[in-house]
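FYI, it's all coordinate maths here, none of it is from the lab. Keep in mind that this is a model prediction, so the values were computed, not measured. So basically every Cβ, Gly included, is an ideal-geometry build from the backbone, and we count neighbours across all protein chains shown.
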Amino acid sequence: MISYKDLGLVNTKEMFAKAVKGGYAIPAYNFNNMEQMQAIIQACVETKSPVILQVSSGARKYANQTLLRYMAQGAVEYAKELGCKKPEIVLHLDHGDSFELCKSCIDMGFSSVMIDGSHLPYDENVALTKKVVEYAHAHDVSVEGELGVLAGVEDDVSSEVSHYTKPEEVQDFVSKTGCDSLAISIGTSHGRQKFKPEQCTKTADGVLIPPPLAFDILAEIEKKLPGFPIVLHGSSSVPVEYVKMVEKFGGKLSDSVGIPEEQLRKAAKSAVCKINIDSDGRLAMTAAVRKIFAEQPEEFDPRKYLGPARDELKKLYMHKNKEVLGSAGHME
Ligand SMILES: [Zn+2]
């Protein structure tokens, strides 16, 4: 049993309370390798933003859970080395699907876990989430629950259609489970194709404009749970510049569409205090790598293409922290 406290990590409790009060959201960035970790930490130290490092089931398969945990421990020391006086870094399990998995992460030093029972019948979701909360809270670890289903595909999480969160369920769910934050479904979705082209309108130059998020449902949820931390998954903006850059250098990313930044800015000012961004990072890195390969075909040193990919990712995350989530300046 390793406590996250011994690794210098923090849980989400204080971080979320401050974010809800301050009208900003904490970035939750996924990582699978060293370059992504470096980009996240460099960006968050330079913008003085607290951060949630997320480990998905795909990441555990790709990079190994133990290795990722040690990387998070290293991230705390790295942040200090870069001049951060008091790193506020959470190591979070993204989309945990069983009690056993959540327990194993808690036992090896994670400071926060998500138990995603959103696909289960309501009562089973309550029972599973409650069981995880009881174990997690005994170790001062935070728990994110989920109500409502997001559409889209990301790692092992996929659903054809989305089901918006029912505001009439949220109070009961939170009081019965004791969870610390709640992921909701109001129209965001996983992956780079967040909406079908027929759901969107088109600009003159063919860019897809998605339908707006269901802010009315968010407002109702906030009324039922005043000040309670709300989480948005699948909140990449899928920047047109990156999609165009990938395609310019040989990629194919048809019908890409994300959540416009102004909508995320609006959400971040509400009780939404954790915003998950993964696809945008994938796009940034892929665009940078494709550019190098196309322009310098003789290059074969991995540092020469992973380095620029890392720098592009850092630039993207600094932009998110400063211009979209408002989390910049909230860490010493
Ligand atoms: Zn998710």
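Okay, here's what the table says:
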item: For segment 211-221, Karplus couplings with θ = phi - 60° (6.51, -1.76, 1.60), whole Hz, Gly/Pro x; result: x, x, 5, 7, 5, 5, 5, 4, 4, 5, 5
item: Per-residue Cβ neighbour rank within 10 angstrom, fewest leading, 84, 105; result: 84, 105
item: Residue with peak Gaussian network fluctuation, the chain [Cα springs, cutoff 10 Å], from 171, 73, 38; result: 171
item: Antiparallel bridges, percent of DSSP beta bridges restricted to segment 4-325 (to nearest 5); result: 15 percent
item: Extension gain, residue 240 back to residue 224 (0.36 nm per residue minus Cα-Cα distance, nm); result: 2.1 nm
item: Extension gain from residue 85 to residue 67, taking 0.36 nm per residue of separation minus the Cα-Cα distance; result: 4.0 nm
item: In Hz, Karplus ³J(HN,Hα) per residue of segment 64-78 (6.51, -1.76, 1.60; θ = phi - 60°; x = Gly, Pro); result: 6, 4, 5, 4, 5, 5, 5, 5, 5, 4, x, 4, 4, 5, 4
item: Residue of 311, 116, 301 that the Gaussian network model of the chain assigns the largest fluctuation, springs spanning Cα pairs under 10 Å; result: 301
item: Theoretical FRET efficiency, 1/(1+(r/R0)^6), r = Cβ-Cβ of residue 99 and residue 140, R0 22 Å, to 0.05; result: 0.80
item: Cubic angstrom per residue, convex hull over Cα atoms of the chain; result: 123 Å³
item: Highest-fluctuation residue, 182, 67, 53 considered, GNM on the chain with Cα pairs under 10 Å; result: 67
item: Those chymotrypsin sites (Phe, Trp or Tyr not before Pro) in segment 280-332 that DSSP places in a loop and that have at most 16 other beta carbons within 10 Å; result: 300
item: Residues with amide H under 5 Å from that of residue 30, placed H, sequence gap 5 or more; result: 54, 277
